[in-house]
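Undergrad: Below you'll find the structure I mean.
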Amino acid sequence: MKRLVIGIAGASGVIYAVRLLEVLHDVPNVETHLVLSDAARQTIGYETNFTVEKVMELADVQHSIKNIAASISSGSFKTMGMVVVPCSMKTLSGIAMSFSDNLLLRAADVTLKDRRPLVLLPRETPLHLGHLRLMVQVSEMGAILLPPMPAFYHRPKTVDDIINQTVNRVLDVLKIELEHDLFDRWTGPPT
């Protein structure tokens with residue numbers, strides 16, 4: 001069984017995390033460990049029809065952000081990596097500065113120090129120079145930045161189509177194969 005840590009920060013775009021959890025719920029041999037920031041708990045209510053409890057139930061294991069001694073706070077607890085989706089600029093700042101004052105930040109720091117994939121989906125626009133410098137810094141530390149920027153070559157018809165493409169790209173980066181892709185991949189120009 002492979003373990004994947006999913007952190008949900010308070011930025012807009014929590015639906016990406018919900019969809020990722022829904023998809024992973026049906027993937028055999030992947031155990032999800034979820035930690036939510038306090039702001040994420042609010043954003044879930046603002047942006048979706050889900051309750052915090054329902055989102056938590058989508059994960060195999062739930063952790064309190066205040067439980068700094070949880071399993072995912074230690075490098076000896078082996079995981080395949082971590083995704084922070086969405087990743088607020090506050091959370092990105094904490095990761096960039098190794099400021100591990102809560103479980104989400106500590107788990108991200110452990111993921112980086114143990115050279116496991118840390119995939120961050122930063123959600124902010126427009127960006128100022130400070131944001132960009134923090135992104136460079138976490139990238140230099142080994143994080144993978146995967147902003148949820150939609151592609152249109154697969155001709156999405158709904159917002160769900162756009163969300164699915166981004167979620168599938170996250171899974172690609174983590175080398176998690178699905179039986180059926182969530183979007184039509186580019187195969188070259190039409191002939």
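Undergrad: Taking PRO148 as the residue in question, decide whether it is at pLDDT 95 or above, of a type outside the set (S, T, N, Q), in a loop (DSSP other than H, G, I, E, B) and closer than 24 Å to ALA40 by Cα.
TA: yes
Undergrad: When segment 95-120 is examined, which residues are found to be outside any loop (DSSP other than H, G, I, E, B), among the basic types (Lys, Arg) and under 23 Å from PRO147 (Cβ atoms)?
TA: none
Undergrad: Follow-up question, since we're still on this one. Would you check which residues across segment 78-93 are within 18 Å of GLU140 (Cα to Cα) and crowded, with 23+ Cβ neighbours inside 10 Å and list them?
TA: MET82, VAL83, VAL84, CYS87, THR91, LEU92
Undergrad: Of all residues in segment 161-177 being in a helix (DSSP H, G or I) and of a type in the set (A, V, I, L, M), which is nearest to ILE15 (Cα to Cα)?
TA: If we take residues in segment 161-177 being in a helix (DSSP H, G or I) and of a type in the set (A, V, I, L, M), then ILE163 is nearest to ILE15 (Cα to Cα).
Undergrad: Could I ask something else about it? May I ask you to list the residues in segment 20-36 that are part of a helix (DSSP H, G or I) and acidic (Asp, Glu)?
TA: GLU22
Undergrad: Let me confirm something: among GLU124, GLU140, which residue is farther than 15 Å from VAL35 by Cα, touching a residue at least 24 places away in the same chain (Cβ under 8 Å) and surrounded by fewer than 21 Cβ atoms within 10 Å (Cβ to Cβ)?
TA: So the residue among GLU124, GLU140 that is farther than 15 Å from VAL35 by Cα, touching a residue at least 24 places away in the same chain (Cβ under 8 Å) and surrounded by fewer than 21 Cβ atoms within 10 Å (Cβ to Cβ) is GLU124.
Undergrad: Please go through segment 145-164 and pick out each residue that is exposed (fewer than 12 other Cβ atoms within 10 Å of the Cβ) and hydroxyl-bearing (Ser, Thr, Tyr).
TA: Matches in segment 145-164: THR158 only.
The values are calculated or read from the model by the stated rules, or taken from the named source; none is laboratory data. Everything numeric here is computed off the predicted structure, so don't read it as measured data. Neighbour counts run over all protein chains shown; Cβ positions are idealised from the backbone, glycine included.
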